[in-house]
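Only the coordinates and a few stated rules stand behind these numbers; no lab work does. Values in this document were obtained by computation on a predicted structure and should not be read as measured data. Please note: Cβ atoms are built from the backbone with ideal geometry, for glycine as well, and neighbour counts cover all protein chains shown.
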Amino acid sequence: MDDETDPAPASAAEALSIISAQRRVAWQTVPSSALLFLVWGGAWLVGYGGLWLSADERGRPSVGAAVLAVALAVAAVATTILHSVARTRGIAGDSARQGALYGWAWFVGYLAMGWIISALSAAGASYEVVGLAANSVAALVAGLLYLAGGILWRATAMYVLGAWIALVGAASAFAGLPTSYLWLSLAGGGGMLTAGLVEAVRRRAAP
Amino acid sequence: MTELDPVIHAQARLRVVATLASLAPDDRITFPRLQKLLDMTAGNLSTHLRRLEEAGYVTITKTHEGRTPATYVQLTGTGRVAFDRYTTTLRAVLGGAS
């Protein structure tokens, strides 16, 4: 017996505080949804915001703003992957499989979106129709995957955010170009930033 | 406090079990990652894990990832039930005391 070297906790209260301290430590093995919502919220706010700000009278954004938006998306994808890999290093099992499949679902969603947009363009859709479809389908893919993530991880904030992004993105198509970009920036990016703050506060308040 | 499971009711082992119980039920963790989370020496952690394994609370699997050997630790169903019972008892003790 090694119980001499491993004494019992002094009291029940101390034992419970050891448990809650370790539960907090174990959070290091799970990607922070607060951080990822803030990163993506910032990317949408600035990326779509730039597209809206730089748009000419026909609704076409400048090349610079488009490059910035793509660069922000790439940076956000890289941050998501690096953060998730670092957090889940050394953990195997169902949750690792679930996380990998969930990550691939985003890839599938945006690949499918790329095909839809190319096909619309090839079929002769106008610049505005293509732009509006790209904006609302991008929001639909993100929204549905946040809904799925909310179900998967029983994350209410994520589920609500998914519903919000899907509906706001779809409705933004009625606004036309370039106003649709502004909707995605403020309502879409803003919604993600709000969800990130809610998650951060909730986590801090958790026992 | 006599009803508390003596295998879990020890400071270091409680930390080990609480950490493993915080993972999803079917997840396992590599020995080095667990060691890092607990900030224990390898020898110390091995000793505690052996005791927990003897009690049937954890399983230790040695495997290979490519050419490097990897040791995975997982809380068993029995271990999870024992930990749940332990925390329930703690709360009852606290509730009764106040």
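According to the calculation over all Cα-Cα pairs in chain B, the P(r) per 10 Å bin from zero is 15, 47, 27, 9, 2, 0 %.
A cut-off of 5 Å between modelled amide H atoms, ignoring neighbours fewer than 5 places along the same chain, links A:ALA8 with B:GLN11.
Each of B:ARG51, B:ARG67, B:ARG28 has some number of other Cβ atoms within 10 Å of its Cβ, and from fewest to most they run B:ARG67, B:ARG51, B:ARG28. Rg and Dmax of chain A, based on Cα coordinates, read 21.2, 80 Å. 3J(HN,Hα) along segment B:20-36, derived from phi through the Karplus expression 6.51 cos²θ - 1.76 cosθ + 1.60 where θ = phi - 60°, amounts to 5, 6, 7, 7, 5, x, 9, 8, 10, 10, 6, 4, x, 5, 4, 4, 5 Hz, with x in place of Gly and Pro.
For the pair A:SER118 and A:ARG97, label points projected 7 Å from Cα toward Cβ lie 3.3 nm apart.
For B:VAL58, the residues whose amide H sits under 5 Å from its own are B:GLU53, B:THR76, ignoring neighbours fewer than 5 places away on the same chain, with H placed 1.01 Å from N. Once phi is turned into ³J(HN,Hα) by the Karplus curve 6.51 cos²θ - 1.76 cosθ + 1.60 with θ = phi - 60°, what whole-Hz value does each residue of segment A:26-40 show in order, with x for glycine and proline? Listing the rounded values in order: 5, 4, 4, 9, 10, x, 7, 5, 4, 4, 5, 4, 5, 4, 5 Hz. Sorting A:TRP115, A:TRP183, A:TRP44 from the fewest to the most surrounding beta carbons within 10 angstrom yields A:TRP115, A:TRP183, A:TRP44.
Rounded if a/c is under 1.5, else prolate if a/b is larger than b/c, else oblate: which is segment A:63-140, with a ≥ b ≥ c the root eigenvalues of its Cα gyration tensor?
Because a/c hits 1.5 or more and a/b fails to exceed b/c, segment A:63-140 counts as oblate.
Seen through its C-alpha gyration tensor, with square-root eigenvalues sorted a ≥ b ≥ c, segment A:134-207 comes out oblate because a/c lies at 1.5 or above while a/b is not bigger than b/c. Does anyone have the angle between helix B:77-97 and the longest principal axis of chain B? Alpha-carbon axes, 0 to 90°, nearest 10? Here the helix axis deviates by roughly 30 degrees.
Between segment A:108-174 and segment A:1-71, the C-alpha centres lie 22 angstrom from each other. The residues A:PHE37, B:PHE31, A:PHE107, when put in order of fewest to most other Cβ atoms within 10 Å, stand as A:PHE107, B:PHE31, A:PHE37. Mean residue ellipticity, 222 nm, helices only, the protein assembly as shown: the sum of -39500 (n - 2.57) across DSSP H runs of n ≥ 4, divided by residue count and rounded to 500, is -23000 deg cm²/dmol.
Angle of helix A:63-87 to the longest C-alpha principal axis of chain A, folded into 0 to 90 degrees and rounded to 10: 20°.
Amide hydrogen proximity for B:ALA70: with H placed 1.01 Å from N in the peptide plane, the residues at 5 or more positions away or on another chain lying under 5 Å are B:THR63, B:HIS64, B:GLU65. Taking label points 7 Å from Cα along the Cα-to-Cβ direction, A:ALA170 and A:VAL129 give a separation of 2.1 nm.
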